[in-house]
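Trainee: Please read through the structure below; I'll follow up with questions.
Readers should treat all values here as calculations from the given coordinates under stated rules, not as data from a laboratory. Just so you know, these numbers come straight off a predicted model, no measurement behind them. Virtual Cβ from ideal backbone geometry, glycine too; neighbours counted across all protein chains shown.
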Amino acid sequence: MEEKLNSPTFQDTDLIYPESEKEVSDLIKKFYKSNIPIEIIGLGSKRNIGKPLQCAKTLSLFKLNGIIEYLPEELYIKVKAGTRMSEIEDILEKNKQQLAFEPIDFGYLFLGKSNYGSAAGQIACNISGPRRFKVGSARDHVLGFRAVNGRGEIIKSGGTVVKNVTGYDLSKLICSSYGTLAALTEITFKVLPAAEESKTLVIHNLSIDNAPEYLDKAISSSVDVSGAVFLPIHPICNDCEMSVEKTFKLNDLKNLGSLTALRIEGTKKSVNERMESLKLFLNVDEKNTSALDTFQSKILWKKIKNLELFSATKNNIFRIVIPPSECTKLIYELPNKFKYFVDWGGALIWMEACELSEGKFNSIRKKVLKHNGYISMIKYSDYLPYVEDVFTINNARFNISQDIKKSFDPKRILNPGKMYTGI
Amino acid sequence: MTKLQMPKIDRKVFARKDTIVKDLKKIVNPEYVLDHKDELRPFETDGLSAYKQKPMIVIFPENTDEVSKILSYCNSEKIKVVPRGAGTGLSGGALPLADCVLLCLGKFNKILEIDYKNRCVVSQPGVTNLSITQAVQDKNFYYAPDPSSQIACSIGGNVAENSGGVHSLKYGTTTNNLLGVEAVFMDGTISRLGGKTLDSEGYDLLGLITGSEGLLCVITEVTVKILKKPEEIKAALIGFPTIEDGGKCVTEIISSGIIPAGMEMMDKELIRATDNFVKAGYPRDAESMLIVELDGTESDVTELMERVKKISQKNKATSIKISKNDKERLKFWEGRKAAFPACGDLAPDYYCMDGTIPRGKLAEVLKEIQSLSKKYNLPVANAFHAGDGNLHPLIMYDSNDKKALAKTEKFGEEILKYCVKVGGVLTGEHGVGIEKRELMCEMFNNNDIQQQIKIKKALDVSSLLNPGKVYPILRKCAEEGRVHIHGGKTKFPDIPRY
């Protein structure tokens, strides 16, 4: 019901809902001939990521909805592009399977409640959850797709099998292209068995000085962890809601304060044994650790992946991806009043910034680049509702990207400028 | 040898050969520019040795700057360039053109950095796949993709072909284990795509160039992920009374939620041939056989192996042998890895195919191959990467009999078409190259192929980088698609192929 309420209720006067791939193709052909730029959206849950668009028309994939084929034993599910993520996850769960990259429900960040969006949106943004460092990101879980390019031509690439080197791997290119290359109509996801058990070892009250070391040690061990996150309570930012303790209120957490969480998944016996090995290996004190069982562990990681720590914030949110070795160094260099947490064992930082200016954002970008990472603005605020460079790029990659864009969408009618000015 | 149409020779370029050699000698050490016909002979073919063509010039740059200058020069002079790693590819991706500069990355042979903190290795592209694992194994790390030719194939070539191996169901292929590259485009532009971060932003150019078979850029540096070695690895050798039972067992293992590190299947012909060859203790009376390898923690492997055993028994397994130690496990694999050379003992020649199909169609496709074998009166042996549905049927024939060769070609073509018909693809890991170029229309329509060609032209305006590969030249679109081996001798007889 909640999802239904969140279905497209945009104010756009020119919102179009094609009902078939052919209709998408006919419409884009028409816009191509008349040079009319269009905004492509799935269910619009991540519409605010990227640069704001001013298009004459908006094409929603809302009505291209439904599961086309799901073969659990073949480990794939083929869906129409506008299919709700919740529908996909529900059916997979019934068969004890999952999209292993842990797709993020951005509803919590933008609205303070679930608004999971569509399959196409997940692929277009390619932003993955905590298990990413172990299993790959969304792009590693797309086996094939069908789409309509900027000339209105229906194109396809890939298939339904994992091992496939027939032609260029366009599935990778379509992921993280934010609808600027083609309007997706059909996606085949690779699915994997869901683990029987999930347990989490929580180490309390570490700081940014030592937590990344624990994350690194755990990931580099043979224990095979599938989640490694640090949720600090410092620095205290007066303009952010310091909500670690409130968000992660779980019965078995012994202490308040910062949380360093390590997840272990697998069969029951193995998970129990690995939990013990991990404690021994990290040499942690029982008093300062908590162990979460499957039920609580799942709640914890769902809240982490859905960014509930930043639920309905009014501030800017950005995402920094860096080599894990640079994590602590970078955080020291950043303005110390920002609220943040560290995921992917130190390779990802989510950050909430208050009183941010474009100049300050760009100076942060310079520091991130110095550490060989990149930064993207994910959510704007009232005081910084626009930045020129939402995503990071250099000249050589910009030129190549522009050429790629032209090969799909020569008249730049699909989400023009959504990622970069000129693309 | 099948006659192969290649892009038209540019006579004007050929006529300027001496000037071009002189110019190239200004870019690199003059000793590393080869143009005498005797010097060119070793480079006239790659792993697909049925096709031979001497290049116009061979060049060995030593650094990225030289690669950039060579490409920039060739681009402005409209000279074709064919990049080459170790030249072990099986689809003819590095086959030279008569008027090309063959750009060899053999001098890029150093591992540049081992970074345990970020769990990656930075390497030059000419380093072999196996050397990467060897460089990190003392700390119990390894590089996951393991193509059969890993002792010889280069990591840059792996990127170009998106190489797989027997463990790709669980650990993915090159594209899933690659963090970054330094690439040089045809106009000389040098660009870093990705790096040591897990994701990269903007269009996934790294994903695009992986598996692009040397058509989009030349790789000059590679950063790959390394993984901690699993605590325990065990393999089971399971015999079945029919192919269907083996196929059903594969499907049931996956359906039960187990993702084996490797799952290989062989048919009766190959079980006997390989067991004769290496005495691996295979069940010689079985109609089909599975090798199921599980890895992880000790308790995981023990528990899952027990489940595999039960599923196999349910599917009428006639024999189940579980490796007691690493030596025995490697012995199981030794037979599988000897599958190709063992075929050399069965017939003077064989063609190796490389399609991928949905696992559930395994029994159906094997039956179809058997019935085609009867139709063409040619024996066939089957080896499968069953876990990911990648099949390698080996058609046996005698090339001295001209009619047998034509029949074999037709047979191979029908197998690949059948793979596509049941929802599979033309090539799982060998690449399209020149070999399956004309079969692309079986899988893709004109729009699909045109979109790919437009990408090619966007990055290489004059289509000078490795032209004539991957995309169809002929209209009839269905002639080739095989690896041709004569007298059991491949171009690289010492490299394992499986």
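Trainee: Hey, could you pull the Cα Rg and Dmax for chain A, both in Å?
Mentor: 21.5, 69
Trainee: Find the eigenvalues of the gyration tensor of the Cα atoms of region B:223-317, then list the square roots of 5 times those eigenvalues as equivalent ellipsoid semi-axes, largest first, in whole angstrom.
Mentor: For region B:223-317, the ellipsoid semi-axes come out as 24, 17, 12 Å.
Trainee: Sticking to Cα atoms, compute the Rg of chain B to one decimal and its Dmax as the biggest Cα-Cα distance, whole number, in Å.
Mentor: Radius of gyration, then largest Cα-Cα span, for chain B: 22.7, 71 Å.
Trainee: Now for a different question. Residue by residue through region B:214-231, what is 3J(HN,Hα) from phi via Karplus (6.51 cos²θ - 1.76 cosθ + 1.60, θ = phi - 60°)? Round to whole Hz and write x for glycine and proline.
Mentor: Values per residue, Gly and Pro as x: x, 9, 10, 6, 10, 7, 10, 7, 9, 10, 10, 6, 10, 10, 6, 5, x, 5 Hz.
Trainee: Turning to a different aspect of this structure: What distance in nm separates the two pseudo spin-label positions at residue A:362 and residue B:410, each 7 Å out from Cα along the beta-carbon direction?
Mentor: 7.0
Trainee: Separate question: Hey, any idea what the orientation-averaged projected area of the convex hull of region A:354-423's Cα atoms comes to, in nm²?
Mentor: 5.4
Trainee: While we're on this one: Take region B:12-65, compute every pairwise Cα distance, and split them into 5 Å bins from 0; I just need the percent in each bin.
Mentor: 4, 18, 25, 23, 17, 10, 3
Trainee: Let me ask something else. Taking the Cα atoms of region A:195-389 alone, what are Rg (to one decimal) and Dmax (as a whole number) in Å?
Mentor: Cα-based Rg and Dmax for region A:195-389 come out at 16.9, 53 Å.
Trainee: Can you tell me the alpha carbon radius of gyration of region A:104-167 divided by the globular rule-of-thumb value 2.2 N^0.38 Å? Before the final figure, lay out the partial values.
Mentor: Values: Rg = 14.6 Å, N = 64, 2.2 N^0.38 = 10.7 Å.
Taking N as the residue count of region A:104-167, the ratio is 1.37.
Trainee: Would you work out the Kirkwood radius for region B:142-283? I mean one over the mean of 1/r across all pairs of different Cα atoms, in Å.
Mentor: 17.8
Trainee: What order do you get for A:231-237, A:179-185, B:94-100 when each peptide is scored by the mean count of other beta carbon atoms within 10 Å, highest first?
Mentor: By packing density, highest mean first, the sequence is A:179-185, B:94-100, A:231-237.
Trainee: So for region B:176-260, considering every pair of alpha-carbon atoms, how many percent are separated by more than 23 Å?
Mentor: 51
Trainee: So which of B:407/B:469; A:360/B:225; A:134/B:225; B:8/B:469; A:172/A:303 end up more than 22 Å apart, counting from Cα to Cα?
Mentor: Numbers: B:407/B:469 25 Å; A:360/B:225 33 Å; A:134/B:225 11 Å; B:8/B:469 13 Å; A:172/A:303 28 Å.
Flagged as over cut-off: B:407/B:469; A:360/B:225; A:172/A:303.
Trainee: Using Cα pairs closer than 8 Å and at least 6 residues apart in sequence, work out the relative contact order for chain A, in percent.
Mentor: Rounded, it is 19 percent for chain A.
Trainee: Could you work out Rg/(2.2 N^0.38 Å) for region A:329-386, with Rg from alpha carbons only?
Mentor: 1.09
Trainee: If I stretch the segment between residue A:293 and residue A:213 completely, what's the gain in nm (0.36 nm per residue apart, minus their alpha carbon distance), one decimal?
Mentor: Gain on extension, residue A:293 to residue A:213, equals 26.4 nm.
Trainee: What order, most packed first, do the peptides A:96-102, B:111-117, B:208-214 have when packing is the mean number of other Cβ atoms within 10 Å of each residue?
Mentor: The peptides rank, most packed first, as B:208-214, A:96-102, B:111-117.
Trainee: Please grab the % of Cα pairs in the protein assembly as shown that end up more than 40 Å from each other. Walk me through the numbers on the way to the answer.
Mentor: Values: 163248 of 423660 pairs.
Roughly 39 percent, once rounded to a whole number.
Trainee: Does a label point 7 Å from the Cα of residue B:5, set along Cα-to-beta-carbon, have any residues of region B:432-446 with amide nitrogen under 16 Å, and which are they?
Mentor: B:434-442
Trainee: Semi-axes of the equivalent ellipsoid for region B:286-340, please: Cα gyration tensor eigenvalues, times 5, square-rooted, ordered largest first, whole Å.
Mentor: Working from the Cα gyration tensor, I get semi-axes of 19, 17, 8 Å.
Trainee: Can I ask one more? Between A:153, A:21, A:273, which gets the highest mean-square fluctuation from a Gaussian network model of chain A, Cα cutoff 10 Å?
Mentor: Of A:153, A:21, A:273, the most mobile in the Gaussian network model is A:273.
Trainee: Over all distinct alpha-carbon pairs, what is the Kirkwood Rh of region A:269-309 in angstrom?
Mentor: Here the Kirkwood hydrodynamic radius works out to 11.7 Å.
Trainee: Take the alpha-carbon positions of region B:56-195, form their convex hull, and give its projected area averaged over all directions (one quarter of the hull surface) in nm².
Mentor: Mean projected area of the Cα convex hull: 8.6 nm².
Trainee: Turning to a different aspect of this structure: Given q = 0.16 Å⁻¹, what are the Debye log10 I(q)/I(0) values for region B:1-102, with equal point scatterers placed on the Cα positions and solvent ignored?
Mentor: Those come out to -0.67, one per q.
Trainee: Quick one: compute a quarter of the convex hull surface over the Cα atoms of region A:142-224 and quote it in nm².
Mentor: On the way: hull surface 36.8 nm².
Average projection, Cα convex hull of region A:142-224: 9.2 nm².
Trainee: Under 19 Å from the 7 Å Cα→Cβ point of residue A:332, by amide nitrogen: which residues of region A:348-389?
Mentor: Flagged as within label range: A:348-349, A:364-373.
Trainee: Residues with beta-carbon under 14 Å from that of residue B:400, excluding residue B:400: net charge, scoring Lys, Arg +1 and Asp, Glu -1?
Mentor: 0
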